[in-house]
Structures are given as structure tokens and as C-alpha cells.
1. Kindly indicate whether any position in the range 81-104 is closer than 26 Å to GLY200 by Cβ, surrounded by 13 or more Cβ atoms within 10 Å (Cβ to Cβ) and either modelled with pLDDT of 95 or more or outside the structural domain of ASP253 (by TED's automatic domain parsing) (or both).
2. Considering every residue within the range 235-244, establish whether at least one is farther than 21 Å from PHE149 by Cα and either in contact with a Lys or Arg (Cβ under 8 Å, 6 or more places away or on another chain) or touching a residue at least 12 places away in the same chain (Cβ under 8 Å) (or both).
3. Would you mind stating whether ALA118 is modelled with pLDDT of 90 or more, in the same structural domain as VAL239 (by TED's automatic domain parsing) and of a type in the set (Gly, Ala, Ser)?
4. Can you find even one residue in the range 214-228 that is of a type in the set (Val, Ile, Thr), at pLDDT 95 or above and part of a strand (DSSP E or B)?
Amino acid sequence: MTRPPARGLVAVALLPAVLVLAGCGDVGGPGDTDPVRAGAESETSLEGWVGDGGDDLTQAEIDELVREAWQEGGDVPPLDDSDLCDQPGPDGAEEVEDTEELDMTLPIGTPLDEALAADGTTAVLVRTDRTDDAAWTRVTELVLAGTDFGDGEPGPCGEPPELYQPAILTSDDPAWAGLTAEAAIADLPATYGYLLLADGRSMREAAAGGEVTVLWVDLGPAAEGEPDLPRSFRSTVDVVAEVEANLAIANVDFFEYADSADPDGVFRGF
């Protein structure tokens, strides 16, 4: 069982990242003593929140009151029939979606232990089979695909769910051709981090268009007193983000995934 010593805080379960939009506060139920939340019980009206006389306000006037509270950092009710989602943020600047794709490819010659030591990196996807370039491209796309850990519901202003991007780099270095889990554990420096080997099986699966798996390898030093814990297991690519996220925060141990693999040796989820 290996884990970085700096990651001592273990959560009960992996919680999805939550995108919080300023201006969309908590909503109380019946009996809530907060006048803001109590007045926001209706999903179709903000009149209770603006107080007496709300019935006489136009939608534009209600929008302006809520906008002022938003810009002042106040607690505001959910938006409904409102144009506030089209307004600038509290600092007056228009929200600009960052669509720039990150380059997760390691330069040729980068030592794997050096790559794993980089801040925010949990694992490196290593190409060990060089027979099919198209299959390798497909494997990288599947491994790096963002994952929605929520319920798939859109955000408060209709924005798509925020996806979790696994902290995995990729290596297409010919030096790692033929690398096996056993060789990686025996020959590479012990490093707190993991490899995902895209081996011959991975390439054949990607080319066939069905289920695709990769081989996880734990490069950390063997746990003291527990030298026989599993150091590798296969997983399907659709659970890679879940595995990476939990390993990164030491929420689930490596051997737990290995022990939870199906009878054919592949982990497909708990």
C-alpha cells in the first residue's frame, strides 16, 4: 500500500467538484428563519425575497435588485425567468469560457519519475506497443476524456456540467517500447505515482472498437510489512478518471482496486 505522505487526509468517498456560481445561493425550506432563503421557496417568483410590495415590481426591477445583491456578494435566491445569467460577474467582467486544450504529452526523453514528480500529476500513460498509431491515439482520447462525477444536470444558468479532467500525462517515447509492469517496478526509480501501460492488448482492443483496458502500475516503494500487496491491475478506460481521482487523494488504496477486479483480472468499477 503506497501513498504520498503529504496526502494524509482521507475522504469517506470521492466527491465531485461543484461549480459554484456567485448569485445562486442556498435555498431554505418551510420554517427556514433566514428571510432570504425563506422568501425563495417558490421556483417561479422572487417576490418573497424582495419583501412587501414585491407584487408591484416588474421583472426588470426584480432583476436589478438581485443583480445588486449578487455584485455585493449577498445571498440570492435561484434565478427564474430572469436575464441575470447573461450579466457580467461581480467584478463587472464578462465570463469567458476557457476552451484551450492542455497539452498532456511529455517531451521525448523525459524520465518517468521526473514526470511523476511534477505538481498535480498522478500518473503517466505510457505507450509500450508501437504497432498501431491510430489505436494509440484512440487510447489517449479515452483515457484523458473528462468525466462527470455529478448527476449530469446542467448548471444554474444552463451551462453544461463541469467535467473532471484526470491528472494524467502521456508518453509516446520509443524508449519505453516493450516495457512491462514487472520491469517498471524492478528497474524504474521508486516514485509516488502510477503508470498506465498502453500495451499490445490495449492497442488490439482499441483497434477492434470494443472494450479498451490499460495496465496500472504502482511505482511507489513497497509498503513496510506488506510486501505482497498487488502492484498492478488492469482497468477499463471508462473508470480511469475515477481511479486516478481517488488515488490522488488517497481515498482508495491501489490494492483495493486490484482486489476488486473481475474474475478476468479487469477492474470495471465497484
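1. There is at least one residue in the range 81-104 that is closer than 26 Å to GLY200 by Cβ, surrounded by 13 or more Cβ atoms within 10 Å (Cβ to Cβ) and either modelled with pLDDT of 95 or more or outside the structural domain of ASP253 (by TED's automatic domain parsing) (or both).
2. Within the range 235-244, none of the residues are farther than 21 Å from PHE149 by Cα and either in contact with a Lys or Arg (Cβ under 8 Å, 6 or more places away or on another chain) or touching a residue at least 12 places away in the same chain (Cβ under 8 Å) (or both).
3. no
4. yes
Each row is one residue, and each column tells you yes or no for (1) modelled with pLDDT under 95; (2) among the β-branched types (Val, Ile, Thr); (3) surrounded by 15 or more Cβ atoms within 10 Å (Cβ to Cβ).
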| site | (1), (2), (3) |
| --- | --- |
| PHE149 | yes, no, yes |
| PRO154 | yes, no, no |
| ALA167 | yes, no, yes |
| SER171 | no, no, yes |
| ASP199 | no, no, yes |
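The values are calculated or read from the model by the stated rules, or taken from the named source; none is laboratory data. Remember, it's a predicted structure, so these values are computed and weren't measured experimentally. Positions of Cβ are generated from backbone atoms using ideal geometry, with glycine treated the same way; all protein chains shown enter the neighbour counts.
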